[in-house]
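Below you'll find the structure, written out as structure tokens, and then a few comments.
What follows is calculated from the coordinates using simple rules that are stated; it is not laboratory data. Given the structure is predicted, the values throughout are model-derived calculations rather than measurements. Cβ: placed from backbone, ideal geometry, glycine included. Neighbour counts: every protein chain shown.
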Amino acid sequence: MKKILALLLALCMILALAACGETAPATEKPAEQPAEQPAEQPAEQPAEQPAEVTPEEPAEEQPTEQPAPERDDRLAAEAWEYDNANYYDESAAVYDSLLGEYYENYQAALAATDVSERYALEAIAEAKLLNAAFMLPTTTQGGNYAITRVVPRTANTTLWGNDSDRFHNVLVATEFLTPADRDAIKAKWGELAGTGEFAAWVEGYLAENGYEIVDHYELGYTSDPQTWDGLATYRSADSEAIVNTVDGLLEYDIENVQQPALAESYTVNDDFTVFTFTIRQGAVWSDSQGRVVGDVTADDFVAGMQHLLDTQGGLEGLAADDGVKIVNAGAYINGEVTDFAEVGVKALDDYTVEYTLEEPCLWFTTLLGYNPFFPLNRAYYESQGGKFGADFDAEAADYLYGKDPDHIAYCGPYLVSNATEANTIVFEANPNYWNKDNIKLQKITWLFNDGSDDLKAYNDAKAGVISGCGLNTAAVEAAKADGLFDQYAYVSDTNATSYMAFFNVMRNQFANVNDASIGVSQKTMYQAEVYNKAMQNIHFRHALATSVDRGTYNAQSVGEELKFNNLRNSYVPGNFVFLPEEVTISINGAETTFPAGTAYGAIVQAQLDADGFQVKVWDPTADAGLGSGDGYDGWYNPEYSQAELAIALEELAAEGYVVTPEDPIVIEIPFAGNSQVRTNRANVVKQSIEATFGGYVVVNLIDCVDTAGWLYAGYYPDFGYEMNADFMDVSGWGPDYGDPQTYLATMTPAPGGMIKSCGIY
């Protein structure tokens, strides 16, 4: 067991760069993760212009099985009346039809007792998920040109959790770093990671090479937190801010080694089911004004877990079924247990907290820097109207906790001194922080960028307003003209966040839920009915998923030269895990053996090939022969798309829905009209689909005016019936821990996670 644990810890050190939870359009990340910013160039017509689709009409002697439905040509946005009383039953039926095979294989993977078998079965489950074709992988973070004053590898780069968003150890220089210095620093990090010597070395290197370090960091952001309660959200736009205000039990350092934070030490029993933590004495809670409101104690972690399970904000499954299984956590969520004392999180005394799991979990501690395991000061929470158990009510008039940064308690390195919506968020050093003498930054300032000025981030970075930025196609040209590109530009690293485009398979919303004047549908009721019917057809979904020229789509933000760099072809990255041992599993009834060392993506590809879905999610020749699921477009396949559409149209006609170029299937795509890059991307998708389908499918582009309107169309909704789009490319998912389950669990049949993005649950 100890050897296995050591191996996992070593793996945690080696793997690099990630986000967690549902991820909005990228904010500007330190060093490795500058934001993509809008491009200026108009969308290009896809290079390949396939011939028009000519599906065979049903033979005259074979009449349709059903009569044509009665047409309702009223506008859907005006005529639609939706009653969600039966929504969960409808969702369950659609889910079973689309994802029944996925869920069955996913459950088989969770039941596996051997790690290699588990990974292999998870790969089979992912293949079934991708084969359902209601989501299209797009990109990961990074892979674009950037310039920055932020020193590489001075922020944590683990693949999972929130620790990569903790900025207190980040070093920021007064000047942009050269690519040569960045490469030297990253190479030395590779040598020193795990030794504890990198921090001192990099400060010495910077001084020797003429760089001065400042104690402040300015970065751009695109999406305001919707809550400041870290236990009530799964959105990265929330957690990326909140994580700088609160510490967890353990924290990954800049060498990706987990260190004590609010826990000074911990012990584990022999079968890895009981984890006992000794809490650091002297750590305190403060309010936003820096006034001490209590000591950090073991009970804070009990209160935090109960609040997590009470709010059911989307990550409670990590404590129950989708991650680890804390004793009775699932039963508490389901209402089978009402006394929280029966849940396996106990304060043994003021400074000892114990977690008891229903089954062994070697990687339990990798979750502990992640917001579902944050502490909560019980007394302060209750002073803000908070209650526990059956009395919890986030809508109560006196419930203030998490509504803004003035109504939370802080035990982390920073207090929020300003949070002006769509403008500025300022973090200032917490004078009461237990480790205040060791933080590198005294002030962090987030500056809002709505994307309306495609050179704003570059001009701000050049002027020193922000510390660095990604370079879109317009900014690349500006940087070249200014002489900065050749001197300072580098290609940022990619990471484990997977951005996806989702097709709504059960659309029930035709204007934004927060503002019905934004994102208003142009469809008629009949067109909405035909689209929903088409989305129940596997051949139509296959056709749609393979009709988009993702390279041209991505070129609108990163430029033609880099357009394939950060393309991702799967949900779980293909090299996320490898088989520790040889394993034999069944693929469509054929016993298939995969040797030790086989990449997860190779097994996904084997199942997709067996199922006949013509996409490439793993290329064994990519990445200099190491194999990869990134860096190429394995989905765009116009000929296959046309063939699948022909089958779909015949099957739709047999149900009474005759689709012609005069009466096509209508798809609607919302976009942020104030962003040139998002406008361009939407136009590329429209051009790709319409060119591939030769008039049988028409795309309406719905201008949501600005970034906020676009986010409310498909990122901020909490339930599938609120998703106001047919195609939405606004979000992604980053891993919470080091098992493919961290992605796959988001597609299980329950509210929250990512399944809502396809219009169900």
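Eigenvalues of the alpha-carbon gyration tensor of segment 413-473, scaled by 5 and square-rooted, set the equivalent ellipsoid semi-axes at 28, 14, 7 angstrom, largest first.
For the peptides 297-307, 628-638, 586-596, the ranking by mean Cβ contacts within 10 Å, running from highest to lowest, is 297-307, 628-638, 586-596.
I want the local charge near ALA516. Using Cβ-Cβ distances under 14 Å, sum +1 for each Lys or Arg and -1 for each Asp or Glu among the other residues.
So the environment of ALA516 carries a net charge of -4.
Can you tell me which lysines have their Cα less than 28 Å from the Cα of LYS436? Leave out same-chain residues fewer than eight positions away. Candidates past the 8-residue exclusion: LYS29, LYS186, LYS188, LYS403. Here the relative contact order of the chain, from alpha carbon pairs under 8 Å that lie six or more residues apart, stands at 24 percent.
For segment 637-685, applying the loop criterion from DSSP together with a ceiling of 10 other beta carbons within 10 Å to the GluC sites (Glu not before Pro) yields GLU662. With K and R counted +1 and D and E -1, the other residues having a Cβ less than 10 Å from that of ALA173 yield a net charge of -2. Taking the longest Cα principal axis of the chain as reference, the axis of helix 2-14 is set at about 70 degrees. Under the combined filter of DSSP loop state and at most 10 neighbouring Cβ atoms within 10 Å, segment 412-454 retains none of its trypsin sites (Lys or Arg not before Pro). The length gained by stretching the chain between ASN334 and GLU203 to full extension, at 0.36 nm per residue less their Cα-Cα distance, is 42.0 nm.
Listing ASP406, ASP391 from the residue with the fewest other Cβ atoms within 10 Å to the one with the most, what is the order?
Taking fewest neighbouring Cβ atoms as first place, the list is ASP391, ASP406.
Here the chain was treated as a single set of alpha-carbon atoms; its pair distances binned every 10 Å from 0 give 3, 14, 25, 27, 20, 9, 2, 0, 0 percent. With contributions of -39500 (n - 2.57) from each DSSP H run of at least four residues, the per-residue ellipticity at 222 nm computed over the chain stands at -9000 deg cm²/dmol. Neighbours of TYR488 by Cβ distance under 14 Å: Lys/Arg scored +1, Asp/Glu scored -1, total -1. Compared with the alpha-carbon gap, the fully stretched path from THR195 to ALA590 is longer by 137.5 nm at 0.36 nm per residue.
Filter the cross-link list LYS480/LYS616; LYS325/LYS387; LYS440/LYS480 down to pairs whose alpha-carbon distance in this structure exceeds 30 Å.
Beyond 30 Å: LYS480/LYS616; LYS440/LYS480.
Listed by chain and number, the lysines whose C-alpha is less than 20 Å from the C-alpha of LYS756, apart from same-chain residues fewer than 8 away, are LYS128, LYS533. Multiplying the residue separation of GLU421 and GLU662 by 0.36 nm and subtracting their alpha-carbon distance yields 82.2 nm.
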